[in-house]
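No value in this document is a laboratory result; all are computed from the given coordinates. Everything numeric in this text was worked out from a predicted model, so none of it was measured.
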Amino acid sequence: MQLRETATGIVRRTIRDGPIGWNKVAFAPDGRTLAIPVREGTVRLWDTASGTAQATVIAGHRGRGAVKLALSADSRTLVTSSNADPTVRVHSLAADQPQTTLRGRAGTSVDDMAFSSDGRTVATVHQGPPGSGSVQLWDVRTGNHEATLALDTDLALRGQQLRFPVWRLGAVGFSPTGRALAVRATKNGVVIEVRDVATGRLLKSRALGASRAAFSPDGTRFAIAGGKGSVKIWHLSTGALHTVHTGHDRSVRPLEFTPDSRTLAVVDIGASGDAQVTLLDSATGRTQRTIKPNGTPVSLAFSPDGHTLATAGSSGFVETWDRRTGQPKDRFSVNSEVVSLTFSADGRTLATSSTRGVQLWDLATSQTRITLPTRPLPAVAFSPDGQTLAIGAGSSVGLWKVDLPDPAHAIRNICQAIDTTLTPLEQSRYLHDQSAESGCRPAAR
């Protein structure tokens, strides 16, 4: 495709991409971005000045119809339609860089992170060579570093100049009063400590031993995975401890609480590699039900209302389950091993982290909404308001602003992009259950 000056016919830029066929291209109003439909429902966005590809968007339309496009004035929203599919799709285009970057110590990697309930603070767990493991506390608005708690408690080990990374127990959460909490292991992993990250003050300690750990969202409970299929639920306010054996001689991997902290999901893996997810009452340790996913899940996530559990792992598939019945709800392919999952605040979008980077999936359609340009296999976490996505890549955490419009917002974006009214036929075809007043108003003349 050639871009030419309309006055002189001089070729300004040549763009080489897939065959366009009957599809139509679209410029952003400022002319700086060009959207080109290419193979298999894919739309490529190009910088017209440099001739470089900026992003690739999966339109997600059914059938093989001709695709039409429109770009909003700020080039942050792409609207697509197809004559083989009655659905209009609105795609929010991600920024190329995170809004804020929280830079950890070089040579470490981000293993876990959690937002405070007000979204103003994020706590991160960093793994690395001996002496470098830590929990970091950050101000989300400014990106300022606020506190550090070392995970390495063996002073002799800290002094060794070993370059290879080691894994040590570390988990973060927030107390009911909003204080950042961290768990670390001491005395060769036998004693588990709960400390205030900001002050370093010891709050609780107990000889338990653990391989995995997780705080409940309300900060009142702490789950510990031990050996031979055992899980301990420690009630921090009372000191009560429930020990549950989810499977004989089975390895316990991920742990995840529901948002209301009442249920704990545990992945048990047998010697033959078969896996199951056990749902436990976090107050009593009683088994509620078991779920048999395909493959071996390495990541779990609950929807904000706690009704849906998402599982993913080496199979390259994401599966969603009804937590109350244990029945499957949906299954879609990411085509890559998934190492981290997180739901948006409204439960409509699921972020997956894999070798393909970070993808945001529309759960109503099982189609990608956004693909963020990140390193492979980062940890991910949504802020409580759903407007910020934390992505741990290497030693740093990027805070990305994400725009996930609801239907009313999506309609406004469509109207902005097409700059015209919808006919009565278009309203009935595209707006479905939205009222006629939801349609685009006549453009000001």
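Between amide H atoms placed 1.01 Å from N, distances below 5 Å from ARG289 occur with LEU279, all of them 5 or more places distant or on a separate chain. Cross-link pairs exceeding 23 Å in C-alpha to C-alpha distance, out of LYS204/LYS228; LYS228/LYS292; LYS204/LYS232, comprise LYS204/LYS228. Show log10 I(q)/I(0) for region 251-376 at q = 0.11, 0.14 Å⁻¹, two decimals, from a solvent-free Debye sum over equal Cα scatterers. Results for region 251-376 at q = 0.11, 0.14 Å⁻¹ read -0.34, -0.56. Using every pair of separate Cα atoms, the Kirkwood estimate puts the hydrodynamic radius of region 220-321 at 13.6 angstrom. Here the Karplus curve 6.51 cos²θ - 1.76 cosθ + 1.60, taken at θ = phi - 60°, turns the phi angles of region 30-37 into couplings of 7, x, 7, 10, 10, 9, 10, x Hz, with x standing for Gly and Pro.
Pairwise inverse Cα distances across region 100-401, averaged and inverted, put the Kirkwood hydrodynamic radius at 19.3 Å.
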